[in-house]
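This report refers to the structure that appears directly beneath it.
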Amino acid sequence: MSFFRKLFNITGSGSTIVEEISIGRKSEFNQYPHRRRVMMVNEIREYGQREKIPEMRTALKALRRDMGMDGDKETGTSYSYVIDPESIELIVRIGNIQPQSDDEWKLDLARLCDQLVGHLSPSTTKSKSIINSKDTDHKELLLTNIDFNKHGSKKDFEKIKAFIDMNEDLKIVDLSYTGLSNEQLGHLLPSLARLKSLNFLGLRGNRLDEETVKTMSEYLRTSTSFPDLKIIDLKNNEMCTLEKKFLTLIQHRWEKMTSLPTLSDLASGKAIIEEDLE
């Protein structure tokens, strides 16, 4: 069975069900940013439990660097904004733990590491039917936790692209934790950009970097591309901050709303769309 037939399972009644394919923890695709970071967090916890403090601090430093906390870029300034402040806060709290003679600090370390792993990892909840209609006016397309690199092909991407083209009223498209690369997303962007009602694009947990941000900026500079896009979820990718000029292009698409979100809220996904998506 092809990836597309697994993905879009046509039932006897003519309904279409999107089936979820979970990405296993032992997947060979450990180059995904969220997997790499989870491995780093587990390493920090292990060193702490074994009281190897220098090694724990070294592992923590590596995680901070991977999250852009100790890099050359300014974060949280007027030029760039943090994408994942929740993870940053947890990492700072881990770094503030002071090893002591009792084991209380180990419990604190384990608790914070568990929280961070949970925040970085995709949900393990199985998706319910998200496309259950004979029509071609679907409002949502949720393909989270489907490993495109393991199951996908150029032909499958063409079929997904065609599905998006046939459903012009899509408001939510979630491609989180699918392992999308810049090139793979670029193949879908022309179709996504033409969706006049799309207001949420989920790209969390992929292999995207600044190249994707640059490409999307080119689309966003044209008012006819992504005309109603309000939120782009880019957490757990290679980039850890978003520049002001990119976020401003998204903010412009909120001008008809009653309240204008801050650039920080747009970067971190905290902006709320106060309208009925049904």
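When Glu238 is tested against (1) touching an Asp or Glu at 6+ places or on another chain (Cβ under 7 Å); (2) within 11 Å of Leu266 (Cβ to Cβ), only condition (2) is not met.
This table checks each residue for (1) open to solvent by 20 Å² or more (accessible area, probe 1.4 Å); (2) within 28 Å of Lys245 (Cα to Cα); (3) in contact with a Lys or Arg (Cβ under 7 Å, 6 or more places away or on another chain).
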| position | (1), (2), (3) |
| --- | --- |
| Ile146 | no, no, no |
| Leu170 | no, yes, yes |
| Asn182 | yes, yes, no |
| Leu185 | no, yes, no |
| Asn206 | no, yes, no |
| Thr212 | no, yes, no |
| Glu218 | yes, yes, no |
| Pro227 | yes, yes, yes |
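A single entry from Ile10, Ile88 fulfils the requirement of being of a type in the set (Val, Ile, Thr) and modelled with pLDDT of 90 or more: Ile88.
I want to confirm something. Restricting to the range 80-101 and keeping residues that are within 27 Å of the chain's Cα centre (by Cα) and open to solvent by 30 Å² or more (accessible area, probe 1.4 Å), which single residue is farthest from Thr248 (Cα to Cα)? The qualifying residue farthest from Thr248 (Cα to Cα) is Arg93. Evaluation of Gly202 against the conditions (1) modelled with pLDDT of 90 or more; (2) of a type in the set (Gly, Ala, Ser); (3) open to solvent by 10 Å² or more (accessible area, probe 1.4 Å) shows that the sole unmet condition is (3).
Every condition in (1) in a loop (DSSP other than H, G, I, E, B); (2) more than 30 Å from Ser217 (Cβ to Cβ); (3) at pLDDT 90 or above is met by Lys126 except one, and the failing one is (3).
Starting from residues that are among the acidic types (Asp, Glu), exposed (fewer than 14 other Cβ atoms within 10 Å of the Cβ) and within 23 Å of the chain's Cα centre (by Cα), keep the ones in the range 20-71 and report whichever is modelled with the highest pLDDT. Give the derivation first.
Here is the first cut: in the range 20-71, the residues among the acidic types (Asp, Glu) are 20, 28, 43, 46, 51, 55, 66, 70.
From what is left, the residues that are exposed (fewer than 14 other Cβ atoms within 10 Å of the Cβ) are 28, 51, 70.
Still in the running and within 23 Å of the chain's Cα centre (by Cα): 28, 70.
Details: Glu28: 46, Asp70: 82.
Within the range 20-71, the match that is modelled with the highest pLDDT is Asp70.
The residues in the range 242-277 that are more than 13 Å from the chain's Cα centre (by Cα) and either open to solvent by 40 Å² or more (accessible area, probe 1.4 Å) or polar (S, T, N, Q) (or both) can be counted, and the count is 21. State whether one or more residues within the range 151-161 are acidic (Asp, Glu) and modelled with pLDDT under 90. Yes: one or more hits.
The values are calculated or read from the model by the stated rules, or taken from the named source; none is laboratory data. This is a predicted model, so every value here is computed, not measured. When we count neighbours, we look across all protein chains shown, and the Cβ atoms used for this are built from the backbone with ideal geometry, even at glycine. Note: accessible area is taken over every heavy atom of the protein model, side chains too, but ligands, DNA and RNA are not part of it. Shrake-Rupley method; radii C 1.70, N 1.55, O 1.52, S 1.80 Å.
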